[in-house]
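Quick notes on the structure that follows.
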Amino acid sequence: MGRDKAELLLGGQTLAARIVDALSGVTRRVSLVGARTGYAGLDLPNVPDLHLDWGALGGIHAALAASGADWIIVVACDLPFVTGDLFARLESLKNEEIDAVVPLQSDSRPQPVCALYRREICRKEVEKLIAGGEHTPRPLLANVRTRYVASAELSDLPGADHFFMNVNTPADFEAAKDLIIGS
């Protein structure tokens, strides 16, 4: 992208603020994970990465290690169209027999950076994976009891078609702005 995606303005809000708003109805505490502190207009605690430059798995690890809750919600800052309804639906699916709730995109690819994780079990598994040199979260999903949520299970929610639209490039950002303008 060439600049910090979390501070891109979309519909009058930064991408980070859009996600904080989506989370506000389903959690009492929101933290930012990563090396950066102090996002414009957001007074949130920062959780530094414990393993620098370790990618998504490192961010998930930092969040799991810092939380005191039994379950955590992880969401990447470049998913600006997630909603409180999405997170409420994912929350409703967790139970004692699973350790992760992970939505699937319409092409059936998992979204491990928009998911719920049982803190202690997943933290231990992530630490094993990192010790083995793993950088991506998909092996975590294979090694814990994961409840995959098919896109059909989310399709009744408003905005479901765009939940997993990822803003990684300037072209992606332009497409996201077009969606806001068109709505």
Practice task
Kindly indicate whether Cys77 is surrounded by 14 or more Cβ atoms within 10 Å (Cβ to Cβ) and within 14 Å of the chain's Cα centre (by Cα).
Solution key: yes
Exercise for the section: Go through the stretch 80-108 and count every residue that is assigned to a loop (DSSP other than H, G, I, E, B) and surrounded by fewer than 19 Cβ atoms within 10 Å (Cβ to Cβ). Expected result: 10
Fill in the blank from the handout: When every residue in the stretch 58-67 that is farther than 14 Å from Leu116 by Cα and in contact with a helix residue (DSSP H, G or I) (Cβ under 9 Å, 6 or more places away or on another chain) is compared, the one surrounded by the fewest Cβ atoms within 10 Å (Cβ to Cβ) is Ala65
Completion exercise
Residues of the stretch 109-148 being without any contact (Cβ under 8 Å) to a residue 24 or more places away in the chain, in a loop (DSSP other than H, G, I, E, B) and within 26 Å of Leu23 (Cα to Cα), in sequence order, are Arg109
Completion exercise
Matching residues in the stretch 158-168 (under 18 Å from the mean Cα position of the chain (by Cα) and either farther than 11 Å from Gln105 by Cα or part of a loop (DSSP other than H, G, I, E, B) (or both)) number 7
Practice task
Answer with yes or no whether Glu125 is surrounded by fewer than 15 Cβ atoms within 10 Å (Cβ to Cβ) and not hydrophobic (A, V, I, L, M, F, W, C).
Solution key: no
Handout entry: Any chance Leu42 is hydrophobic (A, V, I, L, M, F, W, C) and surrounded by 20 or more Cβ atoms within 10 Å (Cβ to Cβ)
Key = no
Practice task
Determine, yes or no, whether Arg28 is surrounded by 17 or more Cβ atoms within 10 Å (Cβ to Cβ) and out of contact with any Gly (no Cβ under 8 Å at 6 or more places or on another chain).
Solution key: no
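Rundown of residues vs (1) among the charged types (D, E, K, R); (2) under 21 Å from Val167 (Cβ atoms); (3) over 11 Å from the mean Cα position of the chain (by Cα), yes/no style:
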{"position": "Gln13", "(1), (2), (3)": "no, yes, yes"}
{"position": "Asp21", "(1), (2), (3)": "yes, yes, yes"}
{"position": "Pro45", "(1), (2), (3)": "no, no, yes"}
{"position": "Leu50", "(1), (2), (3)": "no, no, yes"}
{"position": "Gly59", "(1), (2), (3)": "no, yes, no"}
{"position": "Ser67", "(1), (2), (3)": "no, no, yes"}
{"position": "Asp70", "(1), (2), (3)": "yes, no, yes"}
{"position": "Ile98", "(1), (2), (3)": "no, no, yes"}
Practice task
Determine which single condition Ile60 fails, assuming it passes every other condition in (1) over 23 Å from Leu9 (Cα atoms); (2) not in a helix (DSSP H, G or I).
Solution key: (2)
Handout entry: Failed item in (1) among the small types (Gly, Ala, Ser); (2) under 23 Å from Ala131 (Cβ atoms); (3) touching a Pro at 6+ places or on another chain (Cβ under 8 Å), with Ser31 passing the rest
Key = (2)
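Computed from the coordinates by the stated procedures, all read-outs in this text should not be read as laboratory data. None of these values were measured; they are calculated from a predicted model. A quick note on method: Cβ atoms are made from the backbone with ideal geometry, for glycine too, and the neighbour counts reach across all protein chains shown.
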